[in-house]
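Notes follow once the structure below has been shown.
The values are calculated or read from the model by the stated rules, or taken from the named source; none is laboratory data. Here the structure is a predicted model, which means the values were calculated and not measured. Every residue, glycine among them, receives a Cβ derived from its backbone with ideal geometry; neighbour counts consider all protein chains shown. For the accessible areas, the whole protein counts, side chains as well, though only heavy atoms, and no ligand, DNA or RNA atoms are used. Shrake-Rupley method; radii C 1.70, N 1.55, O 1.52, S 1.80 Å.
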Amino acid sequence: MPTDKTQIAQVVASLEAELNRLKHEITTMGVADQVPAATETITVADYILERLKQLNVTYMFGLPGDFNLGFLDYVEAHPTIQWAGNCNELNASYAADGYARVKEGSIGVLLTTFGVGELSAANGIAGSFSEHVPVLHLVGVPSTIQQKTKPMLHHTLGDGRFDAYHKAFQEFVISHGSLTDKVTAAAEIDRVLTECVVKARPAYLMLPTDLVHVQIPKTRLLTPLNTEPPANNADIEGFVLDEIMNLIEKADRDVVILVDACTIRHGVRKEVNELVHKTKFPVYAAPMGKTAVSETYERYGGIYVGTISSPEVKEKVENANLILAIGGVKSDFNTGNFTYHIDTHRVIELHSDNTVVQFASFPGIGMKHLLPKLTARLETLKGDAQQIEVPRFTHPVPQEDNETISHSWLWPRVGQFFKPGDVVVAETGTSSFGVLDVPFPDGAIFISQILWGSIGYSVGSTLGAAIAARDIGLNRTILFVGDGSIQLTVQELSVMMHVGVKPIIFLLNNSGYTIERYLHGKHAKYNDITNWKWTSLLTAFGGTEGETCQSYTVKTKSELSKLLDDETFARADKIQLVEMLMPMHDAPRALRVQAELSGLTNKYTA
């Protein structure tokens, strides 16, 4: 900081000179910067919003801050894009993620302010990167002049590093940019948005306060963004197809298809469904790929998760002569702690930007363009494929001689409650492991953050998912969350009521962090939580019991079954919360096995 009058005068003179230079540029622009009189213009803010509208975005999540308020005026005035207004930036990032997962082909949009706002959202954006979810993180930042002169503004680190937060976010976004002038603004916006959609990962864009209102040509808006993945090299693609067909013949056509997360994230659900229906090969899903293929399809066998799989699924997948793995994400919780027992020479992997045939990798050969051609070649084999036995994917409700709500009973019972087109959100841990082996109805969507695993994610995600489901005409949104997890992000219940979505929230009250108890510290105090008055939450956050919200407590199997069979409850015409009292040390089978495997790997004790 300047300490004497001479230094202060120099700084003032420098700022005045910069201001005069900018004024001169504005009044005496060169021909290259001039906009022809006949060319229509639009503000930078409205250009961004129009591009988002073209991507079928209807809601924006985030919080107001002094560096994004000018842009928010345009959002508020927009005829089709609405503002959700979250309780904090982390929750907003989760909501944008959930929105993008349900509204395939669109993106989630998060708006924060410089520094304090954007850093609060960093965890959520990193999770979207980890799990291949396209979210635009739009950040209102100081003006271009301030970024050059570096005054000690609020929300800065106080050392002049105005680019520090931008640099931080570069570690977990696929594309990033900073708007610096009106000449390049439109192209930069288009580049960042295109990469976000095509690569299905978050992008970060800085919007300076002094560029929000600047007029730029509308010309580029006449051409929609090209969100198709790059075409495959025809020669290499043909070679890859030949190799795949040769391996299938050598395998005596004993092929199993395994679908995973990127089947959904990279927009090949349609192509994959054509493949499995036209070829009739058996199909299974990894946990992150649940609902990529309809779980009512007769050739669908269930969830494969390595050692944790049901014996029937494990035997069928691991004994197949060839595995066609589509969109795989080989994380610990997605593979039964890396317990796939499948030799590389029996595997073909299709990904968004590469294909792997046994030990050979083919960069640039993406599954979006490859799959239809592969289906056309394989369709003639469906007669042989139909002879391969597929276990029936069912999970009957067990007969237990007590009224305690156990995990072994709960999950197949709520499975009977699900309807076609439901969106089911499960918190990482107890809920996500419990619901895996429950068959979902046709058209249902499963959301869980299995790889990133940020506790509390599901509550914010439910907000975005419910809005997206309403937009595209899906059925109910149903959340399963534990008493520990909901305490991190519970404020978003108020936003759900504010925007008018009506999820059904099943809250597992089992007195703390169950997954952590199974990993380590089964009786440790650090896995305990404060027991809230759960059925008072909705009214505390603005609801009116019996009118805009309804809460229940169930302590027995009979009470829960009665509620699940109630037509008024199932109609979901208001937001509802069901507190389910469950034993502290009970857990789904899959979670217990995963915890045991993780404990061996992580060695929590000396």
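Things to note:
- Accessible heavy-atom area order of Glu579, Glu274, highest first, probe of 1.4 Å: Glu274, Glu579
- Alpha-carbon Rg/Rh ratio, for the range 41-222, with Rh computed the Kirkwood way: 0.93
- Extension gain for Gln82 to Glu547 (0.36 nm times residue separation, less C-alpha to C-alpha distance): 164.9 nm.
- On full extension, the segment bounded by Leu222 and Gln491 gains 92.8 nm, given 0.36 nm per residue less the C-alpha separation.
- Bridging of Lys182 to lysines at a Cα separation below 20 Å is possible for Lys23, Lys148, Lys218, once same-chain residues fewer than 8 apart are set aside.
- Candidate lysines for bridging to Lys316, where Cα separation is under 16 Å - those fewer than 8 sequence places away on the same chain excluded: Lys280
- Exposure of Arg191 as accessible area (Å², to 10), given a probe of 1.4 Å and all protein chains: 80 Å²
- Extension reserve of the Glu315-Asp242 stretch, reckoned as 0.36 nm per residue once the Cα distance is removed: 23.4 nm
- Whole-Å semi-axes of the ellipsoid equivalent to the range 351-510 (Cα gyration tensor, √5λ, descending): 34, 23, 16
- Spatially proximal aspartates and glutamates relative to Lys562 (Cα-Cα < 15 Å; intrachain offsets below 8 disregarded): Glu403, Glu579
- Accessible carbon and sulfur surface of the range 68-222 relative to its total accessible area, %, 1.4 Å: 56 percent
- Here the Karplus relation 6.51 cos²θ - 1.76 cosθ + 1.60, evaluated at θ = phi - 60°, turns the backbone of the range 199-204 into coupling constants of 8, 6, 8, x, 10, 10 Hz, with x for every Gly and Pro.
- Net charge of Cβ neighbours under 15 Å - reference Gly160; Lys, Arg +1; Asp, Glu -1: +2
- With R₀ set to 45 Å, the beta-carbon distance separating Asp353 from Thr556 gives a calculated FRET efficiency near 0.30.
- Charged neighbours of Gly327, selected by a Cβ distance under 10 Å, balance to 0 (K, R count +1; D, E count -1).
- Mean projection area, nm², convex hull over Cα of the range 407-600: 10.3 nm²
- Listed cross-link partners Lys103/Lys167; Lys314/Lys373; Lys533/Lys574 are compared with a 25 Å cut-off, the Cα-Cα value being larger for Lys103/Lys167; Lys314/Lys373.
- Carbon-plus-sulfur accessible fraction, the range 407-600 (probe radius 1.4 Å, protein heavy atoms only): 51%.
- Accessible surface area normalised per residue over the range 247-306 is 26 Å², counting heavy atoms of protein chains with a 1.4 Å rolling probe.
- When the Cα gyration tensor is reduced to axis lengths a ≥ b ≥ c, the ratio a/c is 1.5 or higher for the chain, and with a/b not above b/c it is classed as oblate.
- Across Lys533, Lys280, the residue with the most accessible area heads the list, and the full order at a 1.4 Å probe is Lys533, Lys280.
- Neighbourhood net charge (14 Å Cβ-Cβ; Lys/Arg +1, Asp/Glu -1) for Ala126: -4
- Sequence of Lys218, Lys525 when ordered by accessible area, the most exposed leading, probe 1.4 angstrom: Lys525, Lys218
- Once the Cβ-Cβ distance of Thr530 and Ser408 is raised to the sixth power relative to R0 = 22 Å, the FRET efficiency obtained is 0.20.
- Look at the Cα gyration tensor of the range 234-386: its axes a ≥ b ≥ c give a/c under 1.5, and that counts as rounded.
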